[in-house]
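Working notes, structure below.
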Amino acid sequence: MSTAASAAPPATRPVMEPVPVRVTSVSKETHDTFTLTVAPPPGDPVSAFEPGQFSMLYVYGVGELPISISGDPAVRESLTYTIRSVGQVTYQLVTRQPGDFIGVRGPFGSSWPLKEARGKSVLIVAGGIGLAPLRPAIYSILRHRGDYNRLVILYGSRSPRDLLYRKEFAAWGLLPDTQALSTVDYGGVTWRGHVGVVTTLFRLVRMQPKETVAMICGPEIMMRYAARELEARGLPPEQIHLSMERNMKCGAGFCGHCQMGPYFVCKHGPVFSYPEIKPYLDLYEL
Amino acid sequence: MRKKSYRLDEKGLDALIAHLREQGYQVYGPKVEDAALHWRPITGCADLPRGWTQELAPGRARLEPDNSAALFHHWTCAEGLKAVLHLPLVRIMAARRDNGWFRILDNPPPAARCAFVGVRPCDLAALAVLDRVLLGDRYADDIYRARRQGAFLIAIHCQRSAPTCFCASMGSGPRARSGFDIALSEFAEGDAPEYFAEAGSPAGMDLLEACGAAPAPPDWSRAVEEGCARAAAAQTRRLDAHAAPQLIDALFDSPHWDHVAKRCLACGNCTSVCPTCFCVNYEDRTSIDGREAERWRLWDSCFTQSFTYIHGGSVRSSVKARYRHWLSHKLGRWQAQFGTPGCTGCGRCIVWCPVGIDITEEFRQLQLSAAAAASFATKD
């Protein structure tokens, strides 16, 4: 694996056992998406994550789900998750109140190649809720801004009302050496920004392909075309990384559900380099 | 020097089982139940399936009367040792609600010292595969480890092969080479069966010595080798798993998958009886008043529609894709993941498939389709 994974949780706590944590805030991002912040016990390894990793979130008596961590990795006192309410467990998660408890396991999986990207430009390509697992990488780059060259953030969404982190996104665009562009599938009458799939923004990006590392997260079809297009534009394939989604029940490689070709997405991924995952991306029903 | 091979009669085998029970082991053996053989707790040789043999064929498993005094004139139990060691249903967590906060309760793994009598070499090999999957990777399965570490294994070499066996081509049998505490071979020509017993571990040797087992006659070892060699030679099915990793990706578009999919019922029998299929699911159970919540782990099957469900639908929604995943993983990708194929040649998936789909035949047809596609490509 080209991407680093953090150490496993300590042997004293079984990997399948959640840590009860207190919800500290729930804020509405869009009509169906919320950002949940929890306070893990101080110093607990559950909060030591690398950008791109995920946790298993447990709602007492309801169920458990893999959710990417969307907060700042430098802030160890809290863990942040951006969750779209699409089913029973996600609905229960986003309707928690501050003071409620949820269970957290993890962190699990591989992370974005921030070390490899040092000295290079970084191109972030996000689709929909895919911006959430990329936000820790953006925070990390902004904290160590001198280590990186240009930062380009491209973000595609279905409609203006689905755009996440709007204020933050606008602020990123104003930073020096930083480009932040968004586009939507359907603009409506008031939208003055770009319309089209996220790959249509590539022509507006100012970067040197050979010196750029791309990090992509979004719907699988979007990642396939984004990676293909970036390769065509001269990015070396090994400098393209994407984060895969599969059904995950355990996060630890036991349940077998997340297999994709030779990989367990939970432990070999979710972040893969393009050459690792490319042979399996185009296989329908793999 | 202490001899490593011993001669046991039925009394000796009974004494062995009794000794294990005295040491606190729950002793499991093949036992007739519901007209099939299953791993069940036994107390002595009387519980073993004397007078029974098996008729095993694609889609067919029958217990048949057998006139011999042998205790092991059968082949495989319906399920592998995973039924006892990688539990089909186990509680992995218990929690209690207290004023909006919830507490994780102690949930010690159901530790048991398990001993097994009559483990076939294919099942012993399957245990080595499960060890690699469940204990040898980044995370270890605590429940499996607790049961596996204390397990005492008494293997039995196969001196006859069933029509569905293909362990010889998988290199896992018919003779067990390692991984056992004691390995038996049965000689049942007369009225009373006798056993050639090899110690495979210090614990095995201690147990045989404690039971007062006599040294084995010098020619027995060769007789066992010959019996196992005959069993290997009698196998008509074979599978070339070493070819699988290179072939699997090329086979993805093979028309043969459609041919299998027309027959496959996606019932998941093969994954239930496979001694190495390890996939599980997790379920939450909550008491009616909401005070107690539990998570249970249960065996799952990659043949179910929900197995690959993510927001938007299942990744593998066709039966063709599910069978392709199972075979590709079992024979090919397992080797990339764990350095060994996930198949040991026990033949259970052939026997217990309601429509008799035969993994050896399907793989052979897939190899032929790949060869045909390759020759077609070169003609172009």
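Observations, loosely collected:
- Flag for residue A:41 being within 14 Å of chain B (Cβ to nearest Cβ) and assigned to a loop (DSSP other than H, G, I, E, B): yes
- Members of segment B:43-60 that are over 22 Å from residue B:191 (Cβ atoms) and of a type outside the set (S, T, N, Q): B:55, B:56, B:57, B:58, B:59, B:60
- Hey, residue B:316 at the interface with chain A (Cβ under 9 Å from one of its Cβ atoms), of a type in the set (Lys, Arg) and not in a loop (DSSP other than H, G, I, E, B) or not: no
- Where residue B:205 falls short, out of the listed (1) without any contact (Cβ under 8 Å) to a residue 24 or more places away in the chain; (2) surrounded by 19 or more Cβ atoms within 10 Å (Cβ to Cβ): (1)
- Within segment B:229-278, helices (runs of 4 or more DSSP H) holding 3 or more residues that are at pLDDT below 95 and within 14 Å of chain A (Cβ to nearest Cβ): B:244-248
- Candidate set: segment B:279-296, residues that are out of contact with any helix residue (DSSP H, G or I) (no Cβ under 8 Å at 6 or more places or on another chain) and not in a strand (DSSP E or B); chosen: the one nearest to the other protein chains (Cβ to nearest Cβ): B:290
- Here residue B:254 does not fit the description of being in contact with an Asp or Glu (Cβ under 8 Å, 6 or more places away or on another chain), among the small types (Gly, Ala, Ser) and buried (at least 16 other Cβ atoms within 10 Å of the Cβ).
- For segment B:103-122, taking the residues that are hydrophobic (A, V, I, L, M, F, W, C), modelled with pLDDT of 90 or more and touching a Lys or Arg at 6+ places or on another chain (Cβ under 8 Å), the one that is nearest to residue B:290 (Cα to Cα) is identified as B:105.
- Options A:114, A:142, A:79, A:93; residue that is assigned by TED's automatic domain parsing to the domain that holds residue A:209 and modelled with pLDDT of 95 or more: A:142
- Among residues of segment B:34-78 being touching a strand residue (DSSP E or B) at 6+ places or on another chain (Cβ under 7 Å) and at positive phi, the one that is surrounded by the most Cβ atoms within 10 Å (Cβ to Cβ) is B:51.
- Residue B:333 vs. criteria closer than 24 Å to residue A:62 by Cα, facing chain A (nearest Cβ under 9 Å), of a type in the set (Lys, Arg) and outside any loop (DSSP other than H, G, I, E, B): no
- Residue count for segment A:48-70 satisfying the condition of being away from every other protein chain (no Cβ under 14 Å) and under 14 Å from residue A:23 (Cα atoms): 0.
- All positions within segment B:101-136 that are in contact with a strand residue (DSSP E or B) (Cβ under 6 Å, 6 or more places away or on another chain) and within 14 Å of chain A (Cβ to nearest Cβ): B:101, B:102, B:103, B:104, B:105, B:107
- Matching residues, segment A:109-156, being on the phi > 0 side of the Ramachandran plot and in contact with a Gly (Cβ under 7 Å, 6 or more places away or on another chain): A:109, A:128
- Residues of segment B:80-103 that are crowded, with 21+ Cβ neighbours inside 10 Å and either of a type in the set (Gly, Ala, Ser) or under 9 Å from the mean Cα position of the chain (by Cα) (or both): B:80, B:81, B:82, B:95.
- Hey, residue B:352 of a type in the set (Phe, Trp, Tyr) and within 13 Å of chain A (Cβ to nearest Cβ) or not: no
The values are calculated or read from the model by the stated rules, or taken from the named source; none is laboratory data. Please read all numbers here as calculations on a predicted model, not as lab measurements. Neighbour counts are summed over all protein chains in view; Cβ atoms, including those assigned to glycine, are modelled from backbone coordinates with ideal geometry.
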